[in-house]
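The values are calculated or read from the model by the stated rules, or taken from the named source; none is laboratory data. All figures in this text were calculated on a predicted structure; none of them were measured in a lab. Please note: Cβ atoms are built from the backbone with ideal geometry, for glycine as well, and neighbour counts cover all protein chains shown. The accessibility values were calculated without ligands, DNA or RNA, using every heavy atom of the protein model including side chains. Shrake-Rupley method; radii C 1.70, N 1.55, O 1.52, S 1.80 Å.
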Amino acid sequence: MPSPESREYDVVVFGATGFTGGLTSAYLAEHAPEGLRWALAGRSPDKLEQVRHRLAEAHPERAELAGLDLLPADVTDPASLADVAGRARVVISTVGPYLEHGEPLVAACAEAGTDYVDLTGEPEFVDRMYVAHHATAVRTGARLVHACGFDSIPHDLGAYFTVQQLAASGAVTLRGVVRASGMFSGGTFHSAINAMSRPKQSKEAWAARRRLEPKPADGRSSRAVAGKPHRDRQLGFWLLPLPTLDPFVVARSGAALPAYGSSFRYSHYAGTKTLRYAAGGTAAVAAMALSAQVPALRKLLLGRVAQGEGPDEAKRARSWFTVDFVGEGDGRTVHTRVSGGDPGYGETAKMLGESALCLVLDDNPETAGQVTTAQAMGDHLLSRLQRAGLRFEVVG
């Protein structure tokens, strides 16, 4: 197996023919630096050719796009995944739901010592990949960086940015409050419903990870804390706890990095302006979660939204997100905000693309195994995303 530095491709986009894979490929076509060696991978050679043609047509000034290599590969064909992983320095995976389709590529990258990024928001998948492949990746030097989209970069790097502003050495408490306007894709919807249908399996995967995952060596502690619905007087929002992957990612960064203080606690919420919206959101999520437990209702829900589809460009252009953070430590309080445009697609493609470029091109901390974006890339990725248009700011 050739060393990562000598491999044929810097970046391979796996799943380039899907909705988010196509957007990520388009982002790289516009923003990849000259000389980047990258390729498109997926099941269908014909569809890959269509993606390549669209990219070249959209950017006639970049003649190299017409010659992008196309790598046929399928998650049911381990040899094809080993070939992709063995030829790339970084593989971007956009093939979800990840619980159904994701592990074979993670395994191939871990074994090959190839860096890997995806946009999963599935806690069970992330925990299972840690149990199955973290040790292999540590041995080979691969960095497995899950959740490099809206789940969970604004929250993970937003918390990282906030604790830097707070600069506390003692106990730190932090709450993140997300507000967003946007539409989900078919893949995102299927991932969410499948995750909601597996509460027992999710709990088992989390417990298996906890048995293996070491605690911080220096005696610090870091964990996610489930909050309760309440009104936040400082921010002026009603807060609804979010049972997503994001708080666990933030807590893992807190465990890995001393900047989060001696005792770090993070709570994660959705914010609404009125109690009526908070109550309605709670009821909608509860109804969806209950429906996901019933096979017939789950099948009906999944049948309403096809995978590989998503909102059009006009709808994405109207979308936005903000994440407010309030951090307290050493007697000080700081309020920061991360904000941007369309969270699920335009900004996710940007985050995913810049994460891959950061791993390939920047002088990052030495890490290996399953690591978070803050742990693996930290300041370099923060700077890249700021240059790319995401806003990280101190509010007060």
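Annotations for the structure displayed:
- Angle in degrees between helix 186-196 and the longest Cα principal axis of the chain, rounded to the nearest 10: 50 degrees
- Heavy-atom accessible surface of the range 324-385, averaged per residue, reaches 28 Å², computed with a 1.4 Å probe.
- Percentage relative contact order, the chain, counting C-alpha pairs under 8 Å, at least six apart: 21 percent
- Shown for the range 1-138 is the translational diffusion coefficient from the Stokes-Einstein equation, using the Kirkwood radius over Cα pairs, a temperature of 37 °C and a viscosity of 0.692 mPa s: 217 µm²/s.
- Whichever aspartates and glutamates have a C-alpha closer than 17 Å to that of K315, once near sequence neighbours (fewer than 8 apart) are set aside: D342, E347
- In range of the label at E34: residues from the range 326-370 whose backbone nitrogen is under 15 Å from the point 7 Å along Cα→Cβ: none
- When the P(r) of the range 70-165 is calculated, the portion above 22 Å amounts to 28% of the C-alpha pairs.
- The sum of -39500 (n - 2.57) across all DSSP H runs of n ≥ 4, divided by the residue count of the chain, sets its helix-only mean residue ellipticity at 222 nm to -14000 deg cm²/dmol.
- Percent carbon-and-sulfur accessible area, the chain, ignoring ligands, DNA and RNA, probe 1.4 Å: 54 percent
- Label sites at D363 and A208, each approximated as a point 7 angstrom past Cα along Cα to Cβ, lie 4.0 nm apart.
- Taking GluC sites (Glu not before Pro) across the range 23-88, the ones in a DSSP loop with at most 15 further Cβ atoms lying within 10 angstrom of their Cβ are E34, E61.
- With N counted as the residues of the chain, its alpha-carbon radius of gyration over 2.2 N^0.38 Å works out to 0.95.
- Accessible area per residue was computed with a 1.4 Å probe on protein heavy atoms; S263 scores about 30 Å².
- With all protein chains kept in place, the per residue accessible area of the range 63-129 amounts to 31 square angstrom at a probe of 1.4 angstrom.
- Links that overshoot a 25 Å alpha carbon limit, given the list K203/K273; K47/K350; K203/K228; K200/K273: K203/K273; K200/K273
- Listed residues D46, D324 arranged by accessible area, highest first, probe 1.4 Å: D46, D324
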